[in-house]
Amino acid sequence: MRPRSLAEVVGQKHVLGPESPLGRMLAGSDSPGGGRTRTSLVLWGPPGTGKTTLATLVASATGDEFVELSAVTAGVKDVRSVIENAKRNLEFSGVGTVLFVDEVHRFSKTQQDALLPAVENGWVTLIAATTENPSFSVIAPLLSRSLLVPLRSLKEADIGELVSRAVVDEHGLSGRVGLSEQAHADVVRLSGGDARRALTILEAAAGSVADGGTIEGEQVTAAIAHAVARYDRDGDQHYDVASALIKSIRGSDVDAALHYLARMVHAGEDPRFIARRLVILASEDIGMADPSALQIAVATMQAVSFIGLPEARINLAQAVIHLALAPKSNRAYLAINAAIADVEAGLGGPIPGALRDSSAAAARAEGAGQGYQYPHDSPLGIVAFQYSPDQIVGSHYYRPSDHGAETRWGEIADRVQKSLGRSDT
């Protein structure tokens, strides 16, 4: 069912327009004036979104020879062999070569360096496919000489169109069996935006149905017990799902947060990684609005280190629920950032003499500790005193919100400021 023409491609309309660079290449000319130029591409997107398909279509449209290498198995020797053959073909027959490197992120720097001369001299049109962010997985010189084409997960409508076509197409099931509406919906849902997975599920389900029969939901369920959530512990999905978890908790959407937690747990993510992120969030996004949030997060981190998965999923779920539903405040986060910004700007100056360490005789002789007023000697436990260096007197870094428990801490902070003879301005 791999598309043999641009008309058969579903999805990716954002990069396949007639005026887009990729669209012009697929039309047989990648320059507006119709002349043939060689544009190398980096196709970046999730599995099953058409990277290999687009590479083969480019080769077909341009009349070039198509050579495919997998970065999982190919080495520098294989790369150089392809390049030498491409140079000969171009020199003696004028036929170009489209070199498709699948999973290019698995190539080492040395292997990627070996591609540079061929790309620079136009010996090959490189089409590199990756599921990882090219900014981190492809060397800068190679990336700068290529056009980055981001691909997206296919929409349900695209997958639905592909599945319906596969049932009747001669390259698919050729109408041998039918597909119920429920089974069609199940295949689309289980595919997760991956065309390859959708076709695999459909083929497996069709294998259990006699000619003339109809694939029902139970055959689809039997073909694949559950949808495999797309998640790569070492790649973009690792960070994307973690980011979605944190942002859902920050947004107080407990159900979305539990969903992303479930995806991480299901994929076998290290529970300590999840717990560490929750500890950070407890201070960054909740802070003094609910001081117990940090205690819960730290306790969860300790619990998962003692217990491990699968039971630790319960500890993580409790923490996620607490943090998602807790009142939110980022004032602690803003306070330390503001203080650091002043330090980096050179603000500060000498520490007031009364606050300097006076344990050494030489320091005392220089006035260290002189004039210090011990707060516990005051009936209020607070004395009006200048604790800040001269350059930041009057700076207020912590500005409490009126969310949750921080309202009370704000009132306390106001009383303390007044006792110190300051106004919160």
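The values are calculated or read from the model by the stated rules, or taken from the named source; none is laboratory data. Bear in mind that the values here come from a model prediction, so they are computed numbers and not experimental data. Here Cβ is always computed from backbone atoms with ideal geometry, including for glycine, and neighbour counts include all displayed protein chains.
Restricting attention to the range 339-393, and to residues there that are closer than 20 Å to Ser419 by Cβ and of a type in the set (Ser, Thr, Tyr), which single residue is modelled with the lowest pLDDT?
Within the range 339-393, the first condition is being closer than 20 Å to Ser419 by Cβ, and the residues that meet it are 352, 354-355, 371-388, 392-393.
Pick out the ones that are also of a type in the set (Ser, Thr, Tyr) and you get 372, 374, 378, 387-388.
Working: Tyr372: 83, Tyr374: 81, Ser378: 78, Tyr387: 73, Ser388: 78.
Going through the qualifying residues, I end up with Tyr387.
For the list (1) assigned to a helix (DSSP H, G or I); (2) surrounded by fewer than 19 Cβ atoms within 10 Å (Cβ to Cβ); (3) touching a Leu at 6+ places or on another chain (Cβ under 9 Å); (4) not polar (S, T, N, Q), I need the number of the one condition that Ile296 fails.
(2)
Can you pull out the residues in the range 110-139 that are in contact (Cβ under 8 Å) with a residue 40 or more places away in the chain, part of a loop (DSSP other than H, G, I, E, B) and buried (at least 18 other Cβ atoms within 10 Å of the Cβ)? Let's see the steps before the verdict.
Here is the first cut: in the range 110-139, the ones in contact (Cβ under 8 Å) with a residue 40 or more places away in the chain are 111, 119, 122-134, 138.
From the residues that got through so far, the ones that are part of a loop (DSSP other than H, G, I, E, B) too are 122-124, 131-133, 138.
Trp123, Val124, Thr131, Glu132, Val138 - these are the residues of the range 110-139 that are in contact (Cβ under 8 Å) with a residue 40 or more places away in the chain, part of a loop (DSSP other than H, G, I, E, B) and buried (at least 18 other Cβ atoms within 10 Å of the Cβ).
Grab the helices (runs of 4 or more DSSP H) fully contained in the range 185-272, keeping just those with 3 or more residues being farther than 30 Å from Met1 by Cβ and at pLDDT 90 or above. Steps first, please.
Numbers: elements: 195-206, 217-223, 236-250, 254-266.
In the range 185-272, 236-250, 254-266 are the helices (runs of 4 or more DSSP H) which contain 3 or more residues that are farther than 30 Å from Met1 by Cβ and at pLDDT 90 or above.
Of the numbered conditions (1) within 23 Å of the chain's Cα centre (by Cα); (2) within 26 Å of Met1 (Cα to Cα), Glu68 fails exactly one; give the number of that condition.
Here Glu68 meets the rest and fails (1).
Could you grab me the full set of residues in the range 398-424 that are within 19 Å of Lys328 (Cβ to Cβ), in a loop (DSSP other than H, G, I, E, B) and of a type outside the set (Asp, Glu)?
The answer is Tyr398, Arg399, Pro400, Ser401, His403, Gly404, Ala405.
Here is a list: Ser305, Ser283, Ser248. Which entry is buried (at least 20 other Cβ atoms within 10 Å of the Cβ), in contact (Cβ under 8 Å) with a residue 12 or more places away in the chain and of a type in the set (Gly, Ala, Ser)?
Values: Ser305 fails: buried (at least 20 other Cβ atoms within 10 Å of the Cβ); Ser283 fails: buried (at least 20 other Cβ atoms within 10 Å of the Cβ).
Among Ser305, Ser283, Ser248, only Ser248 is buried (at least 20 other Cβ atoms within 10 Å of the Cβ), in contact (Cβ under 8 Å) with a residue 12 or more places away in the chain and of a type in the set (Gly, Ala, Ser).
For the range 323-366, how many residues are in a loop (DSSP other than H, G, I, E, B), touching a helix residue (DSSP H, G or I) at 6+ places or on another chain (Cβ under 9 Å) and not aliphatic (A, V, I, L, M)? I'd like the intermediate steps shown before the answer.
Let us first name the residues in the range 323-366 that are in a loop (DSSP other than H, G, I, E, B), namely 326-330, 345-352, 356-360, 366.
Filter once more, so that each one left must be touching a helix residue (DSSP H, G or I) at 6+ places or on another chain (Cβ under 9 Å): 326-330, 346-350, 352, 356-358, 366.
Those still in the list that are not aliphatic (A, V, I, L, M) too: 327-330, 346, 348-350, 352, 356-358, 366.
Summing the residues that are in a loop (DSSP other than H, G, I, E, B), touching a helix residue (DSSP H, G or I) at 6+ places or on another chain (Cβ under 9 Å) and not aliphatic (A, V, I, L, M) in the range 323-366 gives 13.
Within the range 166-184, can you find the residues that are part of a helix (DSSP H, G or I) and surrounded by fewer than 17 Cβ atoms within 10 Å (Cβ to Cβ)?
Within the range 166-184, the first condition is being part of a helix (DSSP H, G or I), and the residues that meet it are 166-168, 181-184.
Correct list: Val168, Glu181, Gln182.
Looking at (1) outside any loop (DSSP other than H, G, I, E, B); (2) at pLDDT 85 or above, which is the only condition Gly23 fails?
Unmet condition: (2).
On the given criteria, is Val163 buried (at least 19 other Cβ atoms within 10 Å of the Cβ), touching a His at 6+ places or on another chain (Cβ under 8 Å), touching a residue at least 24 places away in the same chain (Cβ under 8 Å) and not in a strand (DSSP E or B)?
On the way: buried (at least 19 other Cβ atoms within 10 Å of the Cβ): yes; touching a His at 6+ places or on another chain (Cβ under 8 Å): yes; touching a residue at least 24 places away in the same chain (Cβ under 8 Å): yes; not in a strand (DSSP E or B): yes.
Yes; evaluated as a whole, the condition is true for this residue.
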